[in-house]
Amino acid sequence: MDEADAALPHPPLTLYLVKRLELVIRALMDDALRPLGLTTLQYTALTVLQNKGSLSSAQLARRSFLRPQTMHEMVLTLEKRGLIARGQDEANKRVLLASLTDAGSRLLAECAPAVLELEAELLADLSPGQRETFREGLEHGIATLAAVSEARRA
């Protein structure tokens, strides 16, 4: 390595770039969802219920990337707003399952244009092939680090 190469700063870690992207997305989504009365974290929880069906608070926390205590508070808030309902799990009466209500589904439908616009802006300058490669890279990273996380918990 010559002196010119040594003087160049190191490029940022991919992990840093992903985190920066997440922070920018979250700020823009919070701005877009605020008029509809939702935060990005609440929107995420509602979309998880929309896609996965009824879940316990602990399951919803894992799938929404939140701590169980944070999810518990969010579930109470969303339930008070009538966006989710909770009922006993038939398989385990001690577990309450959260599910999306019709009001929650309608609110998600209202959110869709703003969220889709943000995604379109993110991907606008990428060719269809670059978009696919970008998604594949993200999905690979998620799967790889999820496996690392599971292995460390075991």
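The values are calculated or read from the model by the stated rules, or taken from the named source; none is laboratory data. Computed from a prediction, not measured in an experiment: that's the story for all the values here. So basically every Cβ, Gly included, is an ideal-geometry build from the backbone, and we count neighbours across all protein chains shown. Ligands, DNA and RNA are excluded from the accessible area calculation, which covers all protein heavy atoms including side chains. Shrake-Rupley method; radii C 1.70, N 1.55, O 1.52, S 1.80 Å.
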(request) Go through the stretch 10-63 residue by residue and tally those that are of a type outside the set (Gly, Ala, Ser) and open to solvent by less than 50 Å² (accessible area, probe 1.4 Å). (result) 16
(message) Among the residues of the stretch 128-150, are any surrounded by 10 or more Cβ atoms within 10 Å (Cβ to Cβ), in contact with a Leu (Cβ under 7 Å, 6 or more places away or on another chain), free of Cβ contacts under 8 Å to residues at least 60 places away in the same chain and not aliphatic (A, V, I, L, M)?
(response) yes
(request) Consider Glu150 carefully, then state whether it is farther than 30 Å from Gly82 by Cα, among the charged types (D, E, K, R) and at pLDDT 95 or above. (result) no
(message) Cβ contacts < 9 Å: first residue in contact (Cβ under 8 Å) with a residue 24 or more places away in the chain, restricted to the stretch 90-114; second residue of a type in the set (Lys, Arg) and part of a strand (DSSP E or B), any location; separation 6+ or different chain. Result?
(response) Leu96/Arg86; Leu97/Arg86; Ala98/Arg86; Ser99/Arg86
(message) Only one of Glu139, Glu121, Glu132, Glu117 is closer than 24 Å to Gly53 by Cβ, out of contact with any strand residue (DSSP E or B) (no Cβ under 7 Å at 6 or more places or on another chain) and of a type in the set (D, E, K, R). Can you tell me which?
(response) Glu139
(message) Whether any residue in the stretch 71-82 is open to solvent by less than 40 Å² (accessible area, probe 1.4 Å) and over 17 Å from the mean Cα position of the chain (by Cα) is what I want to check.
(response) yes
(request) Go through the stretch 73-89 residue by residue and tally those that are part of a helix (DSSP H, G or I) and not hydroxyl-bearing (Ser, Thr, Tyr). (result) 7
(request) Among the residues of the stretch 66-100, write down those that are out of contact with any Leu (no Cβ under 7 Å at 6 or more places or on another chain) and of a type in the set (D, E, K, R). (result) Arg67, Glu73, Glu79, Lys80, Arg81, Glu90, Lys93, Arg94
(request) Please specify each residue of the stretch 98-154 satisfying the condition of being among the hydrophobic types (A, V, I, L, M, F, W, C) and touching a Gly at 6+ places or on another chain (Cβ under 9 Å). (result) Ala98, Leu100, Ala103, Leu107
(request) Report, by residue number, each residue of the stretch 90-118 that is in a helix (DSSP H, G or I) and either surrounded by 13 or more Cβ atoms within 10 Å (Cβ to Cβ) or touching a Lys or Arg at 6+ places or on another chain (Cβ under 9 Å) (or both). (result) Ala103, Gly104, Ser105, Leu107, Leu108, Glu110, Cys111, Ala114, Val115, Leu118
(message) Looking at Pro35, Pro68 in this structure, which one is more than 17 Å from the chain's Cα centre (by Cα) and not hydrophobic (A, V, I, L, M, F, W, C)?
(response) Pro35
